[in-house]
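Accompanying notes for the structure given below.
The values are calculated or read from the model by the stated rules, or taken from the named source; none is laboratory data. Quick caveat: nothing in here was measured; it's all calculated off a predicted structure. Cβ placement follows ideal geometry from the backbone for every residue including glycine, while neighbour counts extend to all protein chains displayed.
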Amino acid sequence: MRRGKLNIKKSDCQFHATLKQKLDAVYKLRKEHNINTLCRVLNVNRSTYYKHFFSKPSNREIVNTDIKSKILKIYVDFKNSIGGYKIKKVLLRDYGINISAGRVYRLMNSMNLPKARKTKPKCKSSPAENKVCKNHLKQQFNQDAPNKIWASDFTYVKVNSHWYYLCVVMDLFSRKIIGWNLSSKHDVDLVKTAFEKAYEKRKYPKSLMFHSDRGYKYNSTSFRNLLESYGVCRSLSKKGYPYDNACLESFFKQMKSEEIERRTYKSVKELYFSCFEYIQRYNNKRPHGSLGYLTPNEYEQKYKERSV
């Protein structure tokens, strides 16, 4: 596209370009054409052009530049999977920077950082209970102390045409992942190992309830006997009703969108370290909405401080 003798197309500037795009076009063509002519053709005020490129940045612009560098670091640390509201919380927690979520979103937009997708599952009323083992949890996910109710679930990941299975155990009080196991076998040992790791790590708690779905691994004689030997009360979701274990459904949905689906694994070793890194980041760095935007570890630490 030519306007007069100027090749505006060369600057990638279109008829309905924004002011910034027009200013960039003037800057790009400044060595080939007169600045006054470029500004006139593109309908840009010459003083605006000089102010945009050559004036000293304002104090707010300097501050925004510093904040943007920190936003970018947080965004990269979270593998490009954190939204503006949680970035606001991390800025306050890690850097003492208290700004609005709207400002964070505007700065993210100026850096072309996409928003993270929401993954919160919907919770609905449950159908009639199965009488074999009751659902004692009944979607009461918010607990007032650690080691009262744990929940567990598993997912699967394909590596080089082979399936691998990841089972995790979560303390519903803090949403912390307290035990996990990765295996090539979809069997009872998958969940037994994850539970025993959690049970040992939490120093063998008493009066514990363990909630899961009704899969054969959790409902097997071997696993039932293990829980009974520790005096652990069982609770099972309704058959085919994932909302009864919504916290684990949400965790795996987030893990897949924030980590697993962004990677191509060449070996089970790579998958193992990816799971390890994500769980560490989830427990130690990722702000959690249901915890007042604290991390699971921070939430448990605050509980310990209140209990002293």
- Task: Find the residue count for region 251-299, including only residues that are small (Gly, Ala, Ser) and within 15 Å of Trp163 (Cα to Cα).
- Result: 1
- Task: Count, please, the residues in region 188-209 that happen to be under 27 Å from Phe273 (Cα atoms) and touching a strand residue (DSSP E or B) at 6+ places or on another chain (Cβ under 9 Å).
- Result: 14
- Message: Take Lys68 and tell me if it is touching a residue at least 12 places away in the same chain (Cβ under 8 Å) and over 19 Å from the mean Cα position of the chain (by Cα).
- Response: yes
- Item | Any chance Leu248 is closer than 15 Å to Leu172 by Cβ and assigned to a helix (DSSP H, G or I) | yes
- Can you tell me which residue in region 28-55 is modelled with the lowest pLDDT, limited to those that are hydroxyl-bearing (Ser, Thr, Tyr) and either loosely packed, with under 15 Cβ neighbours inside 10 Å or in contact with a strand residue (DSSP E or B) (Cβ under 9 Å, 6 or more places away or on another chain) (or both)? Ser55
- Message: List the residue pairs whose Cβ atoms are under 9 Å apart, where the first residue sits in region 39-63 and is under 30 Å from Tyr95 (Cα atoms), the second is in a helix (DSSP H, G or I) and of a type in the set (Lys, Arg), and the two are 6 or more positions apart or on different chains.
- Response: His52/Lys20
- Return yes or no: is Tyr243 in the same structural domain as Ser174 (by the TED database) and modelled with pLDDT under 90? yes
- Message: Given the condition modelled with pLDDT under 85, of a type outside the set (Ser, Thr, Tyr) and closer than 30 Å to Lys239 by Cα, answer yes or no: does some residue in region 99-111 qualify?
- Response: no
- Query: Any idea which of (1) in contact (Cβ under 8 Å) with a residue 24 or more places away in the chain; (2) over 17 Å from the mean Cα position of the chain (by Cα); (3) in a loop (DSSP other than H, G, I, E, B) is the one Arg286 doesn't satisfy?
  - Reply: (2)
- Message: I'd like to know if region 83-92 contains one or more residues that are surrounded by 13 or more Cβ atoms within 10 Å (Cβ to Cβ), in a loop (DSSP other than H, G, I, E, B), at pLDDT below 85 and not assigned by the TED database to the domain that holds Asn284.
- Response: yes
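The rows are residues; the columns are (1) outside any helix (DSSP H, G or I); (2) at pLDDT below 95.
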| position | (1), (2) |
| --- | --- |
| Tyr165 | yes, no |
| Met170 | yes, no |
| Gly179 | yes, no |
| Val191 | no, no |
| Phe195 | no, no |
| Glu200 | no, no |
| Tyr216 | yes, yes |
| Arg234 | yes, yes |
- Report the residue count in region 35-57 for those that are more than 15 Å from Leu19 (Cβ to Cβ) and out of contact with any helix residue (DSSP H, G or I) (no Cβ under 9 Å at 6 or more places or on another chain). 4
- Note on the structure: Per the filter on region 112-141, residues farther than 27 Å from Ser257 by Cβ, modelled with pLDDT of 75 or more and of a type outside the set (Lys, Arg) are Asn135, His136
